[in-house]
1. Have a look at 129, 107 and point out the one that is under 38 Å from the mean Cα position of the chain (by Cα) and modelled with pLDDT of 90 or more.
2. Within the bounds of region 221-235, is there any residue that is closer than 30 Å to residue 252 by Cβ, in contact with a helix residue (DSSP H, G or I) (Cβ under 6 Å, 6 or more places away or on another chain) and either in a helix (DSSP H, G or I) or modelled with pLDDT of 85 or more (or both)?
3. Just checking, does region 69-79 include any residue being within 28 Å of residue 46 (Cβ to Cβ), in contact with a helix residue (DSSP H, G or I) (Cβ under 6 Å, 6 or more places away or on another chain), in the same structural domain as residue 44 (by TED's automatic domain parsing) and modelled with pLDDT under 90?
4. Within the bounds of region 94-107, is there any residue that is without any contact (Cβ under 8 Å) to a residue 24 or more places away in the chain and over 28 Å from residue 22 (Cα atoms)?
5. Confirm whether residue 133 is surrounded by 14 or more Cβ atoms within 10 Å (Cβ to Cβ) and either without any contact (Cβ under 8 Å) to a residue 12 or more places away in the chain or closer than 27 Å to residue 154 by Cβ (or both).
6. For residue 184, state whether it is in a helix (DSSP H, G or I) and surrounded by 13 or more Cβ atoms within 10 Å (Cβ to Cβ).
């Protein structure tokens, strides 16, 4: 079922209800003497009353066949008018009344939503107005009331049409403004990423490069083997840090989709490196260790699962070892 207000989703029921409502109103108004009802009604009067009720019930088709509805009401009004004059078969109690049913107002309203061109609508409305106001029997009261009854529907149709177009234009403008705001936010985010990447490249990379060069010079000038080995490990670690930093700078500059992070050594490699330099370490994993990044320590989104990885490095101390741990978790966005 389509979205929208109840009266739009059940327009058939609304049209049937409107047709029944106008049928009851016109029947009551006619019997009360506000239309063409004679003082002494006969069989013809009751037949015409039934025909009027049928013409009013045709409003149920005002969306599907608006011209047919106008034709039915116009034909009934013209028939009543001819029976009163010149045929003289009916003698209304009040000759100055408008003999067209009140349903003509809603029929004229629906005519403006017809898919036909405006020329056809204008011609039909002109003929309908001539029948309602009884132009061949000019009367100021009849012409005034008849024109008002015919004009109310088109005026309402024009008002609701303009209102619908205005709401649609405002909705499109709001959606366009939201898209522009999103694009501006993305542009500002991209500019910030580029600025951050430049600062990291200019400052951090320069200092790490100096550290690597100094470690290389120390390896070449050191007198003992232990110092040369430590300098080489320091140089290798600095080179690895430079590679990872270049990956991070590249990702910041390219603004990838999602939360993709640069690849870093897993905890097992870190524990192995820690053990190699003389620091005993122990790795304790809980969940998927692939989501943990010891270099960045930022959350990864991993299919909505809550995963944790912990790496604990055991440092020798007094008696029992001292545990130091790092925990990285991924949560739902």
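1. That would be 107, the only listed residue that is under 38 Å from the mean Cα position of the chain (by Cα) and modelled with pLDDT of 90 or more.
2. Scanning region 221-235, I find at least one residue that is closer than 30 Å to residue 252 by Cβ, in contact with a helix residue (DSSP H, G or I) (Cβ under 6 Å, 6 or more places away or on another chain) and either in a helix (DSSP H, G or I) or modelled with pLDDT of 85 or more (or both), so the answer is yes.
3. no
4. Scanning region 94-107, I find no residue that is without any contact (Cβ under 8 Å) to a residue 24 or more places away in the chain and over 28 Å from residue 22 (Cα atoms), so the answer is no.
5. When the stated conditions are applied, residue 133 passes them.
6. no
The values are calculated or read from the model by the stated rules, or taken from the named source; none is laboratory data. Nothing here was measured: the structure is a model prediction, and the numbers come from that model. Virtual Cβ from ideal backbone geometry, glycine too; neighbours counted across all protein chains shown.
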